[in-house]
Amino acid sequence: MVSREMIQQYVGIFKSMARADVLFKQSGAVAIISTGSTSINGTVVVQSFNAYKLNIPETLPKVSMAAEDCQKIKRLIKSGHPVELELNIQGKISPETKGYNVVGEITGTDPKLKSQLVMLGGHLDSWSAATGATDNAAGCIVMLEAVRLLDSLHLKPKRTIRIALWSGEEQGLLGSFNYAKIHFMDNGKVKPEQAKVSAYYNLDNGTGKIRGIYTQNNETIKPIFEQWFVPFHDMGAAAVTTKNTGSTDHLSFDWAGIPGFQFVQDPIDYETRTHHSNQDNYDHLQIDDLKQAAIIVASFVYQSSVRPALLPRKPLVVEPFAFDGF
């Protein structure tokens, strides 16, 4: 769960960035060019933390550059050579600001339990530098394949299985969070649908194999998941950690008091090369790893759907947080 302290820390960072942007404008800057330690050897990481409200003033154009190019500019300036850059940025603000989630389901077969849900998903949107293959087409195709496996095997889930591919995750979990507000909890008030969701499973850490699962401090569910992983020990999946992990859509469910989980995955080159970079393309997908992940997800979803009772929950702590923007 995201704590108040974490939110306050991020708010402070974003406010500092907004103030810096004002100072840059006042000093006569026309654009900001940046690089980072991972923008090397042909990889350029593109990242932004600006607000998305329509009434927010336009910021300076921001450009990401490879470290090698920045070093060349630095050497030229240091040697006394003038450096002139020409930027051709053709950005635009679309009048269409509404996002859409993609939702589908396999209806449960038990007359008493089919109104209850087991959910799974990933985010369908991507970042701007490439096609978003590992972030997060990989998670979406694993979840779709898991549902296809359950359907093609003609299994009979007792609870309804619902898959959701979220929009707006990269802008702040907007798709899943608004879904949670509409269906499960809003203004600190729990809605009737909230009690009918057994669990939500998410995949959003690249193309690597599943090695385990984060329980988000849910101690009571740990032995259940450990048992469910037993058939997959020979596939390298066994770890059940009670630690939190963040920055993706399971947090919207955890916030609403629903057991929400993200799987532990092999990092491969996710954080070092493909995450939000120009290398996030199909060539960096590990197809065999994705197949392994789909099998495990399908098993966890099915086990959740036929279990006699809903999965155990943590105590719901409702702590309103007032935030007026950056």
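The values are calculated or read from the model by the stated rules, or taken from the named source; none is laboratory data. Only a predicted model underlies this, so the values are computations on that prediction, with no experimental measurement involved. Cβ coordinates were reconstructed from backbone atoms using ideal geometry, including for glycine residues, and neighbour counts include every protein chain displayed.
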- request: Tell me which residues, restricted to the stretch 96-112, are assigned to a loop (DSSP other than H, G, I, E, B) and either within 14 Å of ASN178 (Cα to Cα) or outside the structural domain of ALA137 (by TED's automatic domain parsing) (or both).
  value: GLU96, THR97, LYS98, GLY99, TYR100, ASN101
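Among ASP249, ASP266, which is under 21 Å from LYS181 (Cβ atoms) and of a type outside the set (Val, Ile, Thr)?
ASP249
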- line: Reported set for the stretch 149-191 where residues are within 29 Å of TRP127 (Cα to Cα) and of a type in the set (D, E, K, R) is ARG162, GLU169, GLU170, LYS181, ASP186
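Results for (1) of a type in the set (Lys, Arg); (2) under 21 Å from the mean Cα position of the chain (by Cα); (3) within 27 Å of GLN47 (Cα to Cα), shown as yes or no for each residue.
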| site | (1), (2), (3) |
| --- | --- |
| HIS276 | no, yes, yes |
| HIS284 | no, yes, yes |
| ILE287 | no, yes, yes |
| GLN292 | no, yes, no |
| ALA298 | no, yes, no |
| VAL301 | no, yes, no |
| ARG307 | yes, no, no |
Any chance ILE89 is over 30 Å from ILE161 (Cβ atoms), in contact with a Pro (Cβ under 7 Å, 6 or more places away or on another chain) and in a loop (DSSP other than H, G, I, E, B): yes
statement: When (1) assigned by TED's automatic domain parsing to the domain that holds ALA298; (2) more than 19 Å from VAL45 (Cβ to Cβ); (3) touching a residue at least 24 places away in the same chain (Cβ under 8 Å); (4) aliphatic (A, V, I, L, M) are applied to LEU144, the one that fails is (3)
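To keep it simple, each residue is scored yes or no on (1) among the hydroxyl-bearing types (Ser, Thr, Tyr); (2) surrounded by fewer than 18 Cβ atoms within 10 Å (Cβ to Cβ); (3) over 28 Å from the mean Cα position of the chain (by Cα).
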{"position": "ILE77", "(1), (2), (3)": "no, yes, yes"}
{"position": "VAL83", "(1), (2), (3)": "no, yes, yes"}
{"position": "PRO95", "(1), (2), (3)": "no, yes, no"}
{"position": "TYR100", "(1), (2), (3)": "yes, yes, no"}
{"position": "PRO157", "(1), (2), (3)": "no, no, no"}
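If the requirement is being at pLDDT 95 or above, closer than 18 Å to ASP254 by Cα, within 19 Å of the chain's Cα centre (by Cα) and not in a loop (DSSP other than H, G, I, E, B), which of these qualifies: GLY175, GLY139?
The conditions single out GLY175.
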Among the residues listed as GLN227, GLN279, GLN292, the single one being part of a loop (DSSP other than H, G, I, E, B) and assigned by TED's automatic domain parsing to the domain that holds LEU120: GLN279
field: Candidates GLY12, GLY36 - the one that is touching a strand residue (DSSP E or B) at 6+ places or on another chain (Cβ under 6 Å) and either among the basic types (Lys, Arg) or not assigned by TED's automatic domain parsing to the domain that holds LEU251 (or both)
entry: GLY36
- request: Considering each residue of the stretch 119-136, count those that are over 22 Å from THR160 (Cα atoms) and crowded, with 22+ Cβ neighbours inside 10 Å, and give that number.
  value: 3
statement: Pairing a residue in the stretch 265-282 that is at negative phi with any residue that is surrounded by fewer than 21 Cβ atoms within 10 Å (Cβ to Cβ) and part of a helix (DSSP H, G or I), where Cβ atoms lie under 6 Å and the two sit 6 or more apart in sequence or on different chains, gives THR274/HIS284; GLN279/ARG273; ASP280/ALA133; ASN281/ALA133; TYR282/ALA133
- request: Could you please let me know if VAL264 is β-branched (Val, Ile, Thr), farther than 16 Å from LYS314 by Cα and surrounded by 15 or more Cβ atoms within 10 Å (Cβ to Cβ)?
  value: yes
query: Which pairs have Cβ atoms under 9 Å, sit 6 or more apart or on different chains, and link a residue in the stretch 208-229 that is among the aromatic types (Phe, Trp, Tyr) to one that is assigned to a loop (DSSP other than H, G, I, E, B)?
result: TYR214/THR242; TYR214/LYS243; TYR214/ASN244; TYR214/THR245; PHE225/THR215; PHE229/ALA237; PHE229/ALA238
- prompt: Within the bounds of the stretch 183-204, is there any residue that is buried (at least 21 other Cβ atoms within 10 Å of the Cβ), within 14 Å of THR248 (Cβ to Cβ) and modelled with pLDDT under 95?
  reply: no
